[in-house]
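Reading through the structure tokens given below for one structure.
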Amino acid sequence: MSASTRTDGIVAGRLDPATLEANFADLHPPLDPHEARVAADRCYFCHDAPCVTACPTSIDIPLFIRQIATGVPEAAARTIFQQNILGGMCARVCPTETLCEEVCVREVAEGKPVLIGQLQRYATDTLMAKGEHPFARDAPTGRRVAVVGAGPAGLACAHRLAMNGHEVTLYDARPKPGGLNEYGIAAYKTVDGFAQAEVDWLMRIGGIVQEHGKALGRDLDLDALRESYDAVFLGVGLAGVNALRTRGEDRDGVQNAVDFISKLRQADDLAALPVGRRVVVIGGGMTAIDAAVQSRLLGAEEVTMVYRRGPEEMAASRFERDLATSKGVRIVFNAQPVRIRGKKDGTERRVEFAYTRYGPDGFEVTDETFEIRADQVLKAIGQTLYEPPQALALKRGKIRVDAAGRTSVAGVWAGGDCASGGDDLTVTAVAEGRDAAEDIHKALMS
Amino acid sequence: MADLTTDFAGIKSPNPFWLASAPPTDKEYNVRRAFEAGWGGVVWKTLGLDPHVVNVNGPRYGAVWGADRRLLGLNNIELITDRPLEVNLREIKQVKRDYPDRAMVVSLMVPCEEDPWKFILSQVEDTGADGVELNFGCPHGMSERGMGSAVGQVPEYIEMVTRWCKQNTRMPVIVKLTPNITDVRKPAKAAKDGGADAVSLINTINSITAVDLDNFAPEPTIDGKGSHGGYCGPAVKPIALSMVSEIARDPDLQGLPISGIGGVTTWRDAAEFIALGCGSVQVCTAAMTYGFKIVQEMVSGLGQWMDDKGHADLDAIRGRAVPNVTDWKYLNLNYVTKARIDQELCISCGRCFAACEDTSHQAIAMKPGRVFEVIDEECVACNLCVNVCPVENCITMERMAPGTVDPRTGRMVEAEYANWTTHPNNPAAKAAE
Ligand SMILES: Cc1cc2nc3c(=O)[nH]c(=O)nc-3n(C[C@H](O)[C@H](O)[C@H](O)COP(=O)(O)OP(=O)(O)OC[C@H]3O[C@@H](n4cnc5c(N)ncnc54)[C@H](O)[C@@H]3O)c2cc1C
Ligand SMILES: Cc1cc2nc3c(=O)[nH]c(=O)nc-3n(C[C@H](O)[C@H](O)[C@H](O)COP(=O)(O)O)c2cc1C
Ligand code: SF4
């Protein structure tokens, strides 16, 4: 091993393979059957339970936990999958601390919620390990639907459409399905190739043809899709990124965090992945946290995450923040980048920041500045909708949809990150994809 | 600390905590360690005649668990001691010699004939033991051979055997009763009539803890078959308390010392048995679950509670709850309460709502923001909401002051005590005097 955590620049192999493996192991190791029974026993089986309301896919949580407690986790899994076919992924990636577990009455009473996410994983893992797909397709309807984007929204939509008896073609621009499950989510949340295994398992419903490497706007055209299919669902996510608009942004060593992460997720050998000795991450969301944490885990010596507002406004949850700091990430609040300096050869790179504050006229940047050394700068200041079809009306930069997922164009539905409703979360994308599928079904069958 | 010394039917021990006749008291090794741990006495595992019995060689226990696999109920198909009589007698003698201040009671079970009883009593007397307990309770195996609960279920036999024993020994005789009967006062009365110095109860309850659904066989399963066992542990405590109270309340049985057994797990359980009239308590399952050390919690807990309440010794608490055990017909029907939900403590789980709405009196309203409130017009004060609420003291029963109007009935709450015997709806009611 030539490099170490103290090697300057952006280099690979800072840590030995064993350390890397330990660093990128499962964030929450799965519960064993006894732990699951004990955790399940804590559920009070609340009336009209608040956790169900808090879950974007409205999983009947008390019911599935009772099914675990009574020794039938497979039945629990069926309860989960009925509402959320990506219940396995959601069990791993949902920020439960701001969803179901936040409103658990035991969180309110004792500060210790029932471990809903981990129990959900226990149930779904149990059924999936048996290789069982719990649903069968209804009689064929003869209708054909195009689903564009094979992320959580598209997958959930395609599955529900197929289940309802329709023929689905699932297009995606990337070589692999899964969307950010495959290319974005932090590696330690979805270990052992779970994203692809889940897609394979989901596809066993049948009736879904996958077309990879087909991009809307490049290889596909919305009007043509409307011509040849009875309905179209768009779940293209946010393929663009916000620019920093800071001097020096175009230098080497300055990269989009999502690109850094997607390379990491696709890497066969983490030891071959270069990372800076000193990494500065700019942003305050889940992407920023994941980029910062994974840089540390790859062996960066110093990782600083800089967010331009205070902790209350940060999109990343308290849990995510604590995770980052526990991994040794330093978080600086109320500062924004002014310029990126350094020599042409990449050495002595520094980012100059200015402190911000809320003044009498609202948010403002002050004159007070400071510098942080940075071999590598990762930008994570938000993703955007990338070149949406002209015909679609937008709302705040996203495809405008109604409660059922209908866009401004007849016969075209949308859901997930690209659409105007809900938070940018895996589980929300699943809910929107599923609901759009039901609305498409209704529209096609009436 | 309060004085915990115990004199039970003339048998003295430093505290009221005895180990019941069972595996914990099956041999010298155990009993010495039990005494070292602080147990006040033991009832030695039941002795029988040689050739000694044999036990099954497959599993002999089954169980019922609560959350986190807490053992709530245990069931067993073990028989009496499976060691030679002479070995047990020798060990009893040695242990008693070394622990003269501890109660050493020996449990006995021999066929229903006078000679075997005469024989074994004289053998036990030679050990220096403080007393004997007649095992008329074992509900499995031995009962098939006409012993144990087969005797305990026939008051005439109880009286006959007890009388033989009293005639053949100077030691105090305790009769251990089976709960597998309909009215425990009958066997207790038979024991008393036979001259028993005391009764102890309960022995185990006929039970099958579970059925193996793969093999369709009761558990514990031995080569595909199972047989009912005897149930004990925390789950049986309510049954034992009720049976103890029936004996304690019976005018014909006044003064008969009772050793309380069945689910005693903590000092509090023991205090409850004592309050219902027991002179000592016996413990089996709790020791089998947690080991001998629990007696230290029992001694310190009982002592502290007595100190806190100013009870100097066990006489100060024994039987104190007995006068308050009454018949349903004497309960005060003018005692009107309503459930009250403490909104500060409420965690909004809605269990009270589900319980009352679905299965009781639709007396809880669910208001916006998951606020739960009792509807006094509907509340019959059944207590179900209190029982299903996961938060202690969140829902309580508040008495309505006499003179106020019960919104459910529209009638004024009377200050005077009135019960069913004088109620107008009772066809057999006597006019109130
Ligand atoms: C780094 C990172 C970490 C995250 N961590 C979490 C987390 O821990 N928990 C959580 O709940 N959420 C997390 N999120 C958010 C979550 O991943 C998204 O909300 C979710 O993936 C949205 O699903 P989607 O189906 O709408 O879009 P995506 O997952 O983005 O999928 C869109 C799919 O469409 C394809 N596509 C895009 N454009 C085209 C086109 N023109 N033609 C054809 N196909 C196209 C893409 O290749 C992709 O496969 C994270 C996001 C990021 C970026
Ligand atoms: C394994 C086992 C064996 C027992 N053997 C006897 C026995 O030989 N003689 C007897 O009188 N009672 C026997 N009992 C009953 C106990 O003495 C006691 O009455 C009963 O377990 C209730 O008390 P507990 O709830 O504290 O366990 C036995 C109980 C168990 C669990
Ligand atoms: S006491 Fe019974 S009737 Fe009254 S509110 Fe509670 S559950 Fe309902």
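The values are calculated or read from the model by the stated rules, or taken from the named source; none is laboratory data. Treat the numbers as computed from the prediction; the structure is a model and nothing was measured. Quick reminder, even Gly has a Cβ in these numbers, built from the backbone with ideal geometry, and neighbours come from all protein chains shown. Ligands, DNA and RNA are excluded from the accessible area calculation, which covers all protein heavy atoms including side chains. Shrake-Rupley method; radii C 1.70, N 1.55, O 1.52, S 1.80 Å.
Among residues of segment B:365-385 being in contact (Cβ under 8 Å) with a residue 24 or more places away in the chain and within 13 Å of chain A (Cβ to nearest Cβ), the one that is farthest from B:Gly403 (Cα to Cα) is B:Val371. Contact map, segment B:67-91: first residue within 14 Å of chain A (Cβ to nearest Cβ), second residue away from ligand 1 (no atom under 16 Å from the Cβ), Cβ cut-off under 6 Å, separation 6 or more or different chains; pairs are B:Ala67/A:Asp41; B:Asp68/A:Val38; B:Leu72/B:Val64; B:Leu72/B:Gly66; B:Leu72/B:Pro234; B:Leu72/B:Ala235.
For segment B:402-422, filtering for residues that are touching a residue at least 24 places away in the same chain (Cβ under 8 Å) and either open to solvent by less than 60 Å² (accessible area, probe 1.4 Å) or more than 27 Å from B:Glu377 (Cβ to Cβ) (or both) leaves 6. Entry remark, segment B:210-225: residues being in a loop (DSSP other than H, G, I, E, B) and open to solvent by 30 Å² or more (accessible area, probe 1.4 Å) number 7 in total.
Count, please, the residues in segment A:54-78 that happen to be within 14 Å of chain B (Cβ to nearest Cβ), over 26 Å from the mean Cα position of the chain (by Cα) and not charged (D, E, K, R). Residues flagged as within 14 Å of chain B (Cβ to nearest Cβ), over 26 Å from the mean Cα position of the chain (by Cα) and not charged (D, E, K, R) within segment A:54-78 amount to 6. Restricted to segment A:408-446, and to residues there that are of a type in the set (S, T, N, Q) and within 15 Å of A:Leu385 (Cβ to Cβ), the residue that is farthest from ligand 1 (Cβ to nearest atom) is A:Ser408. When restricted to residues that are more than 17 Å from the chain's Cα centre (by Cα) and either surrounded by 13 or more Cβ atoms within 10 Å (Cβ to Cβ) or in contact (Cβ under 8 Å) with a residue 24 or more places away in the chain (or both), segment A:303-317 contains 10. All conditions in (1) over 14 Å from B:Lys45 (Cβ atoms); (2) without any contact (Cβ under 8 Å) to a residue 24 or more places away in the chain hold for B:Pro111, with the sole exception of (2).
Could you grab me the full set of residues in segment B:287-301 that are in contact with a Pro (Cβ under 8 Å, 6 or more places away or on another chain), in a helix (DSSP H, G or I) and open to solvent by less than 60 Å² (accessible area, probe 1.4 Å)?
Listed by number, the list holds a single entry, B:Ala287.
Taking strands (runs of 3 or more DSSP E) as the structural unit, no element lying wholly within segment A:358-415 holds at least 1 residues that are surrounded by fewer than 17 Cβ atoms within 10 Å (Cβ to Cβ) and not assigned by TED's automatic domain parsing to the domain that holds A:Arg251. Annotation: of all residues in segment A:24-53 being more than 28 Å from A:Asp290 (Cβ to Cβ) and of a type in the set (Asp, Glu), the one that is farthest from the other protein chains (Cβ to nearest Cβ) is A:Asp48.
Please determine whether any residue of segment B:118-141 is open to solvent by 20 Å² or more (accessible area, probe 1.4 Å), assigned to a helix (DSSP H, G or I), in contact with a helix residue (DSSP H, G or I) (Cβ under 8 Å, 6 or more places away or on another chain) and among the charged types (D, E, K, R). Scanning segment B:118-141, I find at least one residue that is open to solvent by 20 Å² or more (accessible area, probe 1.4 Å), assigned to a helix (DSSP H, G or I), in contact with a helix residue (DSSP H, G or I) (Cβ under 8 Å, 6 or more places away or on another chain) and among the charged types (D, E, K, R), so the answer is yes. Inside segment B:326-375, residues that are hydrophobic (A, V, I, L, M, F, W, C), open to solvent by 50 Å² or more (accessible area, probe 1.4 Å) and under 16 Å from B:Thr396 (Cα atoms) make up a count of 2. Under 17 Å from A:Phe370 (Cα atoms), of a type in the set (A, V, I, L, M, F, W, C) and touching a Lys or Arg at 6+ places or on another chain (Cβ under 7 Å): which single residue out of A:Ala257, A:Ala300, A:Ala335 fits that description? Among A:Ala257, A:Ala300, A:Ala335, only A:Ala335 is under 17 Å from A:Phe370 (Cα atoms), of a type in the set (A, V, I, L, M, F, W, C) and touching a Lys or Arg at 6+ places or on another chain (Cβ under 7 Å).
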